[in-house]
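Here is the structure we will look at.
Nothing in this text is a laboratory measurement; each read-out follows from the coordinates by a stated rule. Remember, it's a predicted structure, so these values are computed and weren't measured experimentally. Cβ: placed from backbone, ideal geometry, glycine included. Neighbour counts: every protein chain shown.
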There are 2 protein chains.
Amino acid sequence: MQIAIPLYDRFTALDAVGPYEVLARLPGAELTFVGFEKGPVRTDNGRLALHVDALLEDLPEPEVIVVPGGWGTRALLDNERMLGWIRHAHEHSQWTTSVCTGSLLLGAAGVLEGLDATSHWLELDALAEFGAKPTGRRVVEQGKVITAAGVSSGIDMALALAAKIAGQEFAETVQLLIEYDPEPPFHSGSPAKADPRLVESIRAFAAAKIG
Amino acid sequence: MQIAIPLYDRFTALDAVGPYEVLARLPGAELTFVGFEKGPVRTDNGRLALHVDALLEDLPEPEVIVVPGGWGTRALLDNERMLGWIRHAHEHSQWTTSVCTGSLLLGAAGVLEGLDATSHWLELDALAEFGAKPTGRRVVEQGKVITAAGVSSGIDMALALAAKIAGQEFAETVQLLIEYDPEPPFHSGSPAKADPRLVESIRAFAAAKIG
């Protein structure tokens with residue numbers, strides 16, 4: 001089973017690596033990081049580069065695509081090379097998925113029209129620009145399209161997807177292998193649970209950054 | 001604050017990228033992926049390469065080290081270049097940490113002598129070979145040494161560490177930014193919670209692989 005994860009300048013690493021860590025373990029998985037050119041691509045903070053191993057065009061019709069998010073999505077909302085790849089891949093895929101603001105790229109490619117979808121909580125409203133119905137749920141499944149919320153939610157999404165592809169027992173095995181028994185030390189993981197002051201301060205920071 | 005994450009052939013990506021995603025956001029963080037040579041280093045399954053940006057010797061005394069695990073740790077248990085780097089870094093560090101079987105490297109470097117420590121559940125017993133006292137807890141703090149359990153536990157560890165370095169409010173902000181409000185679809189994340197059949201089947205597989 002071909003699984004493609006597109007990388008691009010200023011993506012968020014955990015958006016991509018969470019699902020990778022689950023889906024690469026699927027029986028027969030051929031998981032490939034694809035992009036505009038082969039070689040290292042830097043994350044949003046510049047401190048890490050992941051390697052693109054194949055061009056987008058090398059894998060035009062993978063069975064599964066996982067589009068990660070990051071500050072770099074904004075620069076790609078009119079990039080036809082990326083959006084055309086997503087559009088064509090989606091026509092042939094078994095599963096079309098995103099993590100965080102990767103859903104904005106699905107939206108810009110026309111994949112989310114009329115669908116419930118999610119994204120990083122900071123960018124939920126932006127989904128409506130693409131005809132999607134934003135929901136605050138962590139993992140949103142609509143037929144073969146699955147969108148996940150911010151960054152770390154890709155792990156939950158990928159485990160649910162692994163169960164659909166290879167059965168619940170397999171997904172449980174992967175969960176045990178990656179010892180995913182979360183114990184967050186604080187209760188601040190969503191805007192509904194976090195201190196409202198923190199939510200507002202992040203909103204102000206992001207608004208300034210997005211400009 | 002210098003933060004170094006050593007990479008090596010056949011590491012586990014999420015072990016490194018979970019803590020990276022939290023710690024790179026620390027105020028003034030200079031987080032660097034270090035290794036034996038600069039350039040791409042492949043993960044345990046070969047499907048992903050992360051980029052080493054500096055040699056181990058380029059960062060001899062970082063304030064924080066985070067040693068990830070993976071199948072590749074076994075090959076390094078007598079590698080004096082890695083163990084010597086860990087040993088020297090630990091003498092000068094503010095925090096010496098590991099995720100998953102990264103604790104075996106801390107152990108082989110002599111860092112865990114007499115300390116409570118943890119590792120991936122499959123390799124817990126191996127810690128005793130290095131004079132450590134294995135515990136099944138997810139995050140184990142002993143002075144400036146913090147070990148975390150398997151793979152995904154590095155996220156929990158890094159959030160706890162971020163609070164120690166920059167305060168709880170900062171750690172809560174990061175948790176909100178990475179939307180870490182886990183909703184695992186199954187209850188299989190630890191050997192105590194998973195179906196015992198799965199635990200045994202993984203043990204048998206790992207025993208065959210480690211030989």
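For segment A:131-148, in order, what is each residue's ³J(HN,Hα) by Karplus, 6.51 cos²θ - 1.76 cosθ + 1.60 with θ = phi - 60°, in whole Hz (x at glycine and Pro)?
So the Karplus estimates, Gly and Pro as x, are x, 8, 9, x, 10, x, 5, 6, 9, 10, 10, 9, x, 8, 9, 10, 10, 10 Hz.
Under 13 Å from the Cβ of A:K133, count the other residues' Cβ atoms, weight Lys and Arg +1, Asp and Glu -1, and hand me the total.
Around A:K133, the charge tally is -3.
Less than 14 Å Cβ to Cβ from B:F170, Lys/Arg counted +1 and Asp/Glu -1: what total charge do the surrounding residues give? It would help to have the intermediate numbers written out before the result.
Values: positive: A:R197, B:R25, B:K164; negative: A:D195, B:E169, B:E172.
That sum, taken over residues with Cβ under 14 Å, equals 0.
Using the Kirkwood radius over C-alpha pairs as Rh, can you work out the diffusion coefficient of segment B:2-180 via Stokes-Einstein at 10 °C, viscosity 1.306 mPa s, in µm² per second? It would help to have the intermediate numbers written out before the result.
Details: Rh = 15.7 Å.
It diffuses with D of about 101 µm²/s by this estimate.
Amide H of A:I146: which non-local residues (sequence gap of 5 or more, or other chain) have their own amide H closer than 5 Å, using H built in the peptide plane?
A:T96, A:T97, A:S98
Report relative contact order for chain B in percent, whole number only (criteria: Cα-Cα under 8 Å, sequence separation at least 6).
18 percent
Taking amide H positions as placed 1.01 Å from N in the peptide plane, with prolines and chain starts having none, which residues 5 or more places from A:L7, or on another chain, fall under 5 Å of its amide H?
Placed amide hydrogens put A:V34, A:G35 under 5 Å from A:L7.
Given the rule -39500 (n - 2.57) for each run of at least 4 DSSP H residues, summed and divided by the residues of chain A, what is its mean residue ellipticity at 222 nm, to the nearest 500 deg cm²/dmol?
-10000 deg cm²/dmol
I want the local charge near A:L48. Using Cβ-Cβ distances under 14 Å, sum +1 for each Lys or Arg and -1 for each Asp or Glu among the other residues. Don't skip to the answer; put the middle values down first.
On the way: positive: A:R10, A:R42, A:R47, B:R25, B:K38; negative: A:D9, A:D15, A:D44, B:D15, B:E21, B:E30, B:D53.
So the environment of A:L48 carries a net charge of -2.
If each of B:H92 and B:D9 carries a label point 7 Å out from its Cα toward its Cβ, how far apart are those two points in nm?
2.9 nm
If you wrap a convex hull around the C-alpha atoms of segment B:36-117 and split its volume per residue, what is the figure in Å³? Walk me through the intermediate numbers first.
Working: hull volume 7.5 nm³, N = 82.
Enclosed volume per residue, from the Cα hull, is 91 Å³.
Can you give me the long-range amide H partners of B:T101? Hydrogens built in the peptide plane at 1.01 Å from N, cutoff under 5 Å, separation of 5 or more residues or another chain.
B:G69, B:G70, B:H120, B:V151
Which whole-Hz ³J(HN,Hα) couplings does segment A:46-62 yield from phi under the Karplus relation 6.51 cos²θ - 1.76 cosθ + 1.60, θ = phi - 60°, glycine and proline marked x?
Karplus values, whole Hz, x for Gly and Pro: x, 8, 8, 10, 9, 9, 7, 9, 8, 6, 3, 5, 6, 10, x, 9, x.
I want to verify a result. In a Gaussian network model of chain B, Cα cutoff 10 Å, which of these has the top mean-square fluctuation: B:R47, B:R137, B:R25?
Taking springs between Cα atoms under 10 Å, the residue moving most is B:R47.
Calculate the length of the line joining the C-alpha centroid of segment A:53-74 to that of segment B:100-120, in whole Å.
What the calculation gives is 37 Å, centre to centre.
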